[in-house]
Amino acid sequence: MEQYEPERLSAAQVAAVRRSLRNGRAAMTRRSLLRASAGGALAVGGAGALSACGIPAAGKAEGGASAEDRSAREKEVTFSNWTEYMDTDDSGKRRPTLEQFTRRTGIKVTYSEDINDNNEFFGKIKPQLAAGQDTGRDLIVLTDWLAARLIRLGWVQKLDASNLPNAFANLSQQFRDPDWDPGRAYSYPWQGISTVIAYNKKALDGVEVKTVSDLLDNPRLKGRVGFLTEMRDTMGMTLLDMGKDPGKFTGDDYDAAIARLQKAVDSKQIRRFTGNDYTSDLTSGDFAACLAWAGDVVQLKADSPDIDFLIPDSGYMTSSDNLMVPSKARHKTNAERLIDFYYEPKAAAELAAYINYVCPVEGVKEELAKIDKDAAANPLILPDKAMQAKSRSFRSLSAKEETAYEQKFAKLTGA
């Protein structure tokens, strides 16, 4: 500890060290929880499982039911988020941006890190939502595939654009129009999650890697390649490499991508499919290259000069965690004001400097540079327009498709 000199580290590095020292749960730990949950039990169950629980199958929704909005007379808002997904001070006890919001508005924020897994959290709130009751939360953060489901079920409220001037003006173009929430009527991104190719320069030993095809086909990488257990990322990156758009693919396209990956599994080109535990394989050199999440790569690059990343010419996958107001929430206007606060460049920059994910807010570079010049120049945190143009999202799936595709992917990965 005597050699620890925080003033010589970037803000991003200090944040990583602080998180790790505080409780051993760095941001990349949250990543494994988030991605391991995507499409798991909920997806396999599909519409049938929902109906069996007395929950209607997903259908076209016009917006969740609202309760009497008590925002004007009750200056409070209850916010549920993932762990390690909010800026804190050095003690880990204060949350500076939330405190700034309260000082400015007089609105007290009851903040809970009670989301550890998409499916688990869905199970926690669905009885109240299905019964048309208040969950006790005014604002929640859900990964895009589950956010889409709640919108279809009619369990989230349509947002009032008049309360969201900063969000409307400053939302990054690449997040503006997802097929599951066109025009962002029900949600705004909290942070983006990009999937890239990461590699260990020392372990590559001169092997050139530029594409997913290189991972799948280069014999010099046999047994030293990793892909992700998250279906949408692995399949999306493979589809892109095959010249297919993950936002428009067909069932035949999906099967062809499965077959391509299966060939690499059978030949033992792919060492294994991982959650975020690829980080240890990559740093040790057991993986020469792998699919990786940008938030992890930012942390890994800060710790090791051998780790780097690339964006294939074919493109890369981006998903998002999203702010939403549940049905019957009692402080909707206060929740919208909090959403809008985080779309101010200064607040967005403070958050980005701490958590290192893809910032969905335009115009933060100057503010972020005041805090951390390296973070402001990092395309994994602030993608430039050229990088944004290569971003692709996985299309929404019907319950039938989700069940079928997850089953095929589970068979491929041995899950």
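Key figures
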{"read-out": "Which listed residue, of 338, 397, is of a type outside the set (Asp, Glu) and at pLDDT 95 or above", "value": "338"}
{"read-out": "Flag if residue 193 is under 29 Å from residue 84 (Cβ atoms), among the β-branched types (Val, Ile, Thr) and modelled with pLDDT under 95", "value": "yes"}
{"read-out": "Wholly within segment 191-298, helices (runs of 4 or more DSSP H) carrying at least 2 residues that are open to solvent by less than 10 Å² (accessible area, probe 1.4 Å) and without any contact (Cβ under 8 Å) to a residue 24 or more places away in the chain", "value": "none"}
{"read-out": "Of the criteria (1) within 22 Å of residue 159 (Cα to Cα); (2) open to solvent by 40 Å² or more (accessible area, probe 1.4 Å); (3) in contact with a strand residue (DSSP E or B) (Cβ under 9 Å, 6 or more places away or on another chain); (4) not in a loop (DSSP other than H, G, I, E, B), which one residue 124 fails", "value": "(1)"}
{"read-out": "Residue selected from segment 131-163 under the condition outside any loop (DSSP other than H, G, I, E, B) and open to solvent by 50 Å² or more (accessible area, probe 1.4 Å), by the criterion farthest from residue 334 (Cα to Cα)", "value": "152"}
{"read-out": "The lone exception for residue 339 - which of (1) under 30 Å from residue 127 (Cα atoms); (2) assigned to a loop (DSSP other than H, G, I, E, B) it fails", "value": "(2)"}
{"read-out": "Tally, over segment 370-415, of residues that are open to solvent by less than 40 Å² (accessible area, probe 1.4 Å), among the acidic types (Asp, Glu) and not in a helix (DSSP H, G or I)", "value": "1"}
{"read-out": "Selected residue [touching a residue at least 40 places away in the same chain (Cβ under 8 Å) and within 23 Å of the chain's Cα centre (by Cα)] from 114, 134, 87", "value": "87"}
{"read-out": "Residue in segment 52-66 that is in contact with a Lys or Arg (Cβ under 7 Å, 6 or more places away or on another chain) and at pLDDT 95 or above present", "value": "no"}
{"read-out": "In segment 90-111, residue surrounded by the most Cβ atoms within 10 Å (Cβ to Cβ) [restricted to those that are free of Cβ contacts under 8 Å to residues at least 40 places away in the same chain and of a type in the set (Ser, Thr, Tyr)]", "value": "102"}
{"read-out": "Only listed residue being of a type in the set (Lys, Arg), in a loop (DSSP other than H, G, I, E, B) and open to solvent by 10 Å² or more (accessible area, probe 1.4 Å), chosen from 328, 346", "value": "328"}
{"read-out": "Residue count, segment 65-80 (criterion: in a loop (DSSP other than H, G, I, E, B), hydrophobic (A, V, I, L, M, F, W, C) and open to solvent by less than 50 Å² (accessible area, probe 1.4 Å))", "value": "1"}
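The values are calculated or read from the model by the stated rules, or taken from the named source; none is laboratory data. Treat the numbers as computed from the prediction; the structure is a model and nothing was measured. Reconstructed Cβ throughout: ideal geometry from the backbone, glycine too, with neighbour counts over all protein chains shown. All accessible areas refer to the heavy atoms of the entire protein, side chains included, with ligands and DNA or RNA removed. Shrake-Rupley method; radii C 1.70, N 1.55, O 1.52, S 1.80 Å.
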